[in-house]
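To keep things clear, I will list the structure first and then write my remarks on it.
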């Protein structure tokens, strides 16, 4: 007598059991993973990054903001390029053109603001170094 491989002699359907076991194991792994990633206290880098406290590494903070400004300028350039392409494809009055131009302007303004913040942090670092050099 021929029987399907998924059915055992006792009539138990193995194919029906496997997904339940897989789902249960997947759920267990996810819960353990989430529990293992939980920290006792959340990290609050925003207060550190926005602080002009001279005891913080102002040079590193300024570098971070400059890097972010560069990333925003890259996004602005990408959106300006997209606006030019959209204009060639859909015409100058298309919503995609105006949307890409607005995004490019927003990214450029954000980059300028990030540069101002970076310069402010760099100035704090320069002032700290001067005050340490003066006896």
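The values are calculated or read from the model by the stated rules, or taken from the named source; none is laboratory data. If you're wondering where the values come from, they're calculated on a predicted model, not measured in any experiment. Cβ coordinates were reconstructed from backbone atoms using ideal geometry, including for glycine residues, and neighbour counts include every protein chain displayed.
Any residue in the stretch 37-45 that is surrounded by 14 or more Cβ atoms within 10 Å (Cβ to Cβ) and at pLDDT 55 or above? Talk me through it step by step, then tell me what you get.
Applying the first criterion (surrounded by 14 or more Cβ atoms within 10 Å (Cβ to Cβ)) to the stretch 37-45 yields none.
Scanning the stretch 37-45, I find no residue that is surrounded by 14 or more Cβ atoms within 10 Å (Cβ to Cβ) and at pLDDT 55 or above, so the answer is no.
Being at positive phi and either in the same structural domain as residue 119 (by TED's automatic domain parsing) or free of Cβ contacts under 8 Å to residues at least 12 places away in the same chain (or both), is that true of even one residue in the stretch 67-80? No, there is no match, as no residue in the stretch 67-80 is at positive phi and either in the same structural domain as residue 119 (by TED's automatic domain parsing) or free of Cβ contacts under 8 Å to residues at least 12 places away in the same chain (or both).
All conditions but one from (1) loosely packed, with under 13 Cβ neighbours inside 10 Å; (2) modelled with pLDDT under 95; (3) in a helix (DSSP H, G or I) apply to residue 88; the one that does not is (2). Among the residues in the stretch 92-105, are any touching a residue at least 24 places away in the same chain (Cβ under 8 Å) and crowded, with 17+ Cβ neighbours inside 10 Å? Yes, there is a match, as at least one residue in the stretch 92-105 is touching a residue at least 24 places away in the same chain (Cβ under 8 Å) and crowded, with 17+ Cβ neighbours inside 10 Å.
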